[in-house]
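Reading through the structure tokens given below for one structure.
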Amino acid sequence: MPASTDQAIDYLPYKMRVEKITEETPDVTTLKLLFDDHQQAEKFTFKAGQFGLYSVFGYGEATFCIASSPTRKGYIECSVKRAGRVTQALHSLLEGDTIGFRGPYGNCFPVDEMKGRNILFVGGGIGLAPVRSVIWNCLDRRDEFGDITICYGARTVDDLVYKEELKEWEGRDDINTIFTVDPGGETPDWSGKVGFVPTVLGEAKISSDNAVCILCGPPIMIKFTLPVLVDTHGFAKENVITTLENRMKCGVGKCGRCNVGNKYVCKDGPVFTCAEIEEMPPEY
Amino acid sequence: MESTQQVESTSAAPEEWSPSIVAFLCNWCSYAGADLAGMSRFKYPANIRIVKVPCSGKVDPMFVLKAFESGADLVLVSGCHPGDCHYATGNYHARRKLPTFRTLLEFVGIDPRRFQISWVSAAEGAKWAKMVADITELAEELGPFEYFDRLSDKRKNRQCRN
Amino acid sequence: MQELTAQLREKAKELLDAKTVDLVIGYGPTGDNGEMTAVFARKPEDVEKLGLNGQCFRNLAVYLNKPEVRKQGKPAIVVKGCDRRALNVLIRERRLAREDLHIIGVNCDGVGEPLMGKCKFCSVHNPEECDDVLGDQIEMPAEDGQFDDVGEMEQLSGDERWKFWSEKLGECIRCYACRQVCPMCYCKRCVVEKNIPQWVETSPHLRGNLSWNVIRAFHLTGRCIGCGECERVCPMAIPIGLINKKLTKLVKEEFQFAAGMTDDEKGPFSTFDLDIDTDKGIL
Amino acid sequence: MKEPEQKLVVPNGWLEALVRKLRVQGTRVLAPVERDGAVDFREINSADEMAANYVNTRVPLKEILFPRTETILEFDQPSGGDVVFSGVEANAAPTIVIGARPCDLSAIGVLDTVFNWDYHDTFYGQRRANTTFVGVACREADGNCFCGSVAGGAGENEGSDVFVRPTADGALLEIMTERGKKLAQSIDDAAPAAGKEEPLPVAATEERFDVEKIKGWLDDHFDDDFWLDVSLKCLGCGACSYLCPTCHCFDIVDESDWRGGERRRNWDCCSFALFTLHTSGHNPRPDQQSRCRNRLMHKFKYFVERFGRRACVGCGRCIRVCGAGQNIVNVLIDITRAEAATSGSA
């Protein structure tokens, strides 16, 4: 049981403003949010992997990880796929609109423990959002880490998120990149690979020596990627780290809907190693 | 739904109160009838807020409840005369469904006069103007519909602190 | 009664042994007060849990809508006359196919102690169109005054009715037991759960409760067969059955219709009749 | 059972006098009141209004601290993208609750844990700090009470600020907390107990199963046909959870119209199919058997592992209100029998 935070919670969000809206794909948008209150902005800190609840007043709150890096101060970003009531409302916001934010909540990726080690980032679709936070966190402190490999795939070229950043990462010589789209999703000028993430990853030359893997994506991708990482590349399950995305309302271990067995995803997670997840009942 | 949310606020002070009426009008007849009334320069009270629907048969009772919840004092549904439905039978269904719903509202204690149904054709601009005048007078007579508003009193004139 | 129980068990065993059905949905005693709750016999030896007595007031038809139950395979179901009407509505609305169902009807002279209200006015003591029927034919005329309680409510003034219902509905805690127990409330996503836009507010305050209970009843117009389960299961003892009954009365008077008497009837809102429909009350 | 800080003896009529005094002071007093055959906590002005005989209230004590619905934030939406919003004060007037039952009071301990184990919920906390509970030993139980099997039984004083044990000519008051001491100052004619007072016997709620056996079985039977058997008759409504004194799941919703609106916290329930449903359509608990299993596991396994206590106090409300006739005692008896059989054979 993690130590109690011993803070009061009144569910009142920070007032934030939509600074910039980036359309990543036809149904994914990234919002850059600034604090309305400068003092709040200065006091605010978070760690890669933590999440928050974003509210559009009149529509409700929705939970997303913070997609920007904690090393970039003064703002937060979230990437939202249009799906339900709140995400639709988030998609119809304009720059300058008011939005509420509560957080940061939950645990984080063990970035400090990853120092000196090689890191394999694996993302699928919108699952790159939490990974992106760690990627920039590590890139901003590049010399503290060993080899960095980013493997990212989406259904189609159109569905790749953070396209500008993908280009930037591809151009750097201190990162290995493997970008892929599902068969049929390629365009004539697509220069990356074609194939599902597990297949492409299985064919790649990857060493699990002194390495950790951060893996986020749709459940089906995780299901097929995990055996590749463990059996083909020899990763220990303790070194494969992922996030769970259960539904939440409070974010602070009270509302009772994110539990997997005796774990609260909002408090004990959202970041878990695959070894930890294997110990849980399959209710995620 | 967006349309009913755009109903403008009636003035808060009781002495200035005048009724809010939400009207769901069939696109093919009553809406055109209201248009005709306007073009013919028939004068009628401006308390009415119009929501265009494809057919009176499309009006779900939830529209009516939502209008009341949002502060309407009277709700009107108007469609084509029987036999004239653009979709052949929509208003025949409305003629069963909507009065039944009105009876249900009456049964739980809501004055049935607060929910009106009418047939107004595209040619009946005069009928439209007269009817709106009549139901506005009726709504004034009935007074503010407090049953739903009392349930949402916190929504009125709320002062936020920051 | 014991004889009927024996007949039922024998029938159920025969069906399960022959694999005519995979599951028999029936009644069985739970606890020691003789109250009968649903029993799901999936193996021939389970039939010993089945039973019949005067406490079989539940309407088991609701279980045919539950995906968890349907997953068990082809069901046989034990029904009284009133429950049989619920099956008719479900078949008419294409929720069930008659041939996917084995119906064990039980002739019934009323349930509950004292006799339940619905039984006094019952006109279907002997369920029709069943695959098997247990018990002797029952001749029992329906009592007069089925809608007396509705009439009493109608006699009150509007303000009195509002006072009554706003007090009663104000108690609703939105547990949705009324919906979950109703055989006709089979929508995969109930209107109260549709949130783009949120038509009915989900908070248990009077505004939300009023909309919910009014819409719930309205959606059952011409479909409610009056089994009274919604009112029976309400933990806050709200007389919601009375609202349904008002609509049942209206449908009977205005459209000469009663729900679930056959499985090919058209509901009052899926049809119209130029001979009887009028413009009464329309401007 | 806890050792009281202080024991007092009071004569008959003490309660009437106390309520009168509190009302004169303007203090809000809640007590079980019967209306239309149902007993619930309501505000009273005089002890005469209290229900004479009741096993327990219909709605549990939790509603006083954790209401079925409450506003947690208000907002106005002037035109344009700007929104003005502000928090609200919890409705937490100082309150004395008289006549609470031991089961419900021990359930408050469960709620205290949930609302404070990590973040401290301000709405709950403010009401908790302003509420004094006067518990009463049960002299009657019905066939559905099973506090004797899972909790301290009809005479348990834990959770009360003042615990009342009726005697033939008055009552023995056990003052349990500082809040209780403060309330005791308003009680007239109280004398220190001599130690020979004989409280009237409490209701017998015999042990119907060995609660210690349950967790062991749950530990080993996450996947088991038992859950299907238990859940088939479950209708999937929220009656059991809403009226459970320890169930604390909640939903947060926004409700608004063109005038503005509010964010509300409402009771929610893990038996609902949509409770855990993701927008994507994925549902971690996709069927009633996994939902029923979660509810039971939460009460008898997860909560124990996490917080060291069970989240069931044996009030029996879930049995009384279940429309399908589900009886948790029978389920628990089956579990303890199965556990006895496995440990016997091992």
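The values are calculated or read from the model by the stated rules, or taken from the named source; none is laboratory data. Here the structure is a predicted model, which means the values were calculated and not measured. With ideal geometry, Cβ positions are generated from the backbone for all residues, glycine too; neighbour counts draw on all protein chains shown. Calculation scope for accessible area: heavy atoms of the full protein, side chains included, ligands and nucleic acids excluded. Shrake-Rupley method; radii C 1.70, N 1.55, O 1.52, S 1.80 Å.
None of C:ARG94, C:ARG85 is out of contact with any helix residue (DSSP H, G or I) (no Cβ under 8 Å at 6 or more places or on another chain) and open to solvent by 50 Å² or more (accessible area, probe 1.4 Å) except C:ARG94.
Checking each residue in the stretch A:1-19 for being more than 9 Å from chain D (Cβ to nearest Cβ), over 18 Å from A:GLY106 (Cα atoms) and either assigned to a loop (DSSP other than H, G, I, E, B) or open to solvent by 50 Å² or more (accessible area, probe 1.4 Å) (or both) picks out only A:GLU19.
D:THR57 meets all of the listed conditions (1) more than 21 Å from D:ASN130 (Cα to Cα); (2) open to solvent by 10 Å² or more (accessible area, probe 1.4 Å); (3) not in a helix (DSSP H, G or I) but one, namely (2).
Residues checked against (1) at the interface with chain A (Cβ under 10 Å from one of its Cβ atoms); (2) at pLDDT below 95; (3) touching a Phe, Trp or Tyr at 6+ places or on another chain (Cβ under 8 Å):
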site: D:ALA38; (1), (2), (3): no, yes, no
site: D:VAL59; (1), (2), (3): no, no, yes
site: D:PHE75; (1), (2), (3): yes, yes, yes
site: D:SER79; (1), (2), (3): no, yes, no
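Of all residues in the stretch C:147-204 being assigned to a loop (DSSP other than H, G, I, E, B) and of a type in the set (Gly, Ala, Ser), which is least open to solvent (accessible area, probe 1.4 Å)? Here the residue is C:SER203. Looking at this structure, is C:ALA177 aliphatic (A, V, I, L, M) and within 11 Å of chain B (Cβ to nearest Cβ)? Considered against the rule, which asks whether it is aliphatic (A, V, I, L, M) and within 11 Å of chain B (Cβ to nearest Cβ), C:ALA177 comes out as no.
The residues of the stretch C:111-121 that are under 15 Å from the mean Cα position of the chain (by Cα) and basic (Lys, Arg) amount to a single one, C:LYS118.
Taken residue by residue, the stretch B:91-108 has at least one member that is assigned to a helix (DSSP H, G or I), acidic (Asp, Glu) and closer than 22 Å to C:THR248 by Cα.
Screening the stretch D:194-271 for helices (runs of 4 or more DSSP H) wholly inside it with 1 or more residues that are open to solvent by 20 Å² or more (accessible area, probe 1.4 Å) and at the interface with another protein chain (Cβ under 9 Å from one of its Cβ atoms) returns the ranges D:225-231, D:239-242. It is to be established whether one or more residues within the stretch C:262-272 are without any contact (Cβ under 8 Å) to a residue 24 or more places away in the chain, away from chain D (no Cβ under 11 Å), touching a Phe, Trp or Tyr at 6+ places or on another chain (Cβ under 7 Å) and of a type in the set (Phe, Trp, Tyr). There is at least one residue in the stretch C:262-272 that is without any contact (Cβ under 8 Å) to a residue 24 or more places away in the chain, away from chain D (no Cβ under 11 Å), touching a Phe, Trp or Tyr at 6+ places or on another chain (Cβ under 7 Å) and of a type in the set (Phe, Trp, Tyr). When the residues of the stretch B:70-94 are filtered to those that are within 10 Å of chain C (Cβ to nearest Cβ) and surrounded by fewer than 24 Cβ atoms within 10 Å (Cβ to Cβ), the one that is nearest to B:ARG49 (Cα to Cα) is B:HIS81. Going residue by residue through the stretch D:282-289, is there one that turns out to be open to solvent by 10 Å² or more (accessible area, probe 1.4 Å), of a type outside the set (Ser, Thr, Tyr), assigned to a strand (DSSP E or B) and at the interface with another protein chain (Cβ under 7 Å from one of its Cβ atoms)? No, the stretch D:282-289 contains no residue that is open to solvent by 10 Å² or more (accessible area, probe 1.4 Å), of a type outside the set (Ser, Thr, Tyr), assigned to a strand (DSSP E or B) and at the interface with another protein chain (Cβ under 7 Å from one of its Cβ atoms).
Among the residues of the stretch C:90-130, write down those that are closer than 13 Å to C:CYS227 by Cα and charged (D, E, K, R). Within the stretch C:90-130, C:LYS118, C:LYS120 qualify. Taken over the stretch B:105-119, the residue count meeting the criterion of being touching a residue at least 12 places away in the same chain (Cβ under 8 Å), buried (at least 20 other Cβ atoms within 10 Å of the Cβ), more than 12 Å from B:VAL64 (Cα to Cα) and touching a Leu at 6+ places or on another chain (Cβ under 8 Å) is 2.
Filter the stretch A:262-279 down to residues that are open to solvent by 20 Å² or more (accessible area, probe 1.4 Å) and outside any helix (DSSP H, G or I) and give me whichever is farthest from the other protein chains (Cβ to nearest Cβ). Top of the filtered list is A:THR273.
Across the stretch A:20-48, the number of residues qualifying as closer than 26 Å to D:ILE252 by Cα, hydroxyl-bearing (Ser, Thr, Tyr) and buried (at least 17 other Cβ atoms within 10 Å of the Cβ) comes to 2. Could you tell me whether C:LEU15 is within 14 Å of another protein chain (Cβ to nearest Cβ) and in contact with a strand residue (DSSP E or B) (Cβ under 6 Å, 6 or more places away or on another chain)? Against the criterion (within 14 Å of another protein chain (Cβ to nearest Cβ) and in contact with a strand residue (DSSP E or B) (Cβ under 6 Å, 6 or more places away or on another chain)), C:LEU15 does not qualify. The residue that is farthest from A:ALA236 (Cα to Cα), counting only those in the stretch A:186-221 that are β-branched (Val, Ile, Thr) and in contact (Cβ under 8 Å) with a residue 60 or more places away in the chain, is A:VAL197.
So that you can scan it fast, the table gives a plain yes or no per residue for (1) within 15 Å of the chain's Cα centre (by Cα); (2) over 23 Å from C:ILE138 (Cα atoms); (3) in a helix (DSSP H, G or I):
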| site | (1), (2), (3) |
| --- | --- |
| C:GLU68 | no, yes, yes |
| C:VAL78 | yes, no, no |
| C:ARG85 | yes, no, yes |
| C:ILE104 | no, no, no |
| C:ASP109 | no, no, no |
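The number of residues in the stretch A:73-114 being open to solvent by 30 Å² or more (accessible area, probe 1.4 Å), basic (Lys, Arg) and in contact with a Gly (Cβ under 9 Å, 6 or more places away or on another chain) comes to 2.
Scanning the stretch D:58-93 for residues that are of a type in the set (Ser, Thr, Tyr) and under 32 Å from the mean Cα position of the chain (by Cα) gives D:THR69, D:THR71, D:SER86.
Restricting the stretch D:319-338 to residues that are open to solvent by less than 10 Å² (accessible area, probe 1.4 Å) and in a helix (DSSP H, G or I) leaves a set whose member that is farthest from the other protein chains (Cβ to nearest Cβ) is D:ILE335. The lone criterion from (1) touching a His at 6+ places or on another chain (Cβ under 8 Å); (2) surrounded by fewer than 15 Cβ atoms within 10 Å (Cβ to Cβ); (3) of a type in the set (D, E, K, R) left unmet by A:GLU245 is number (2).
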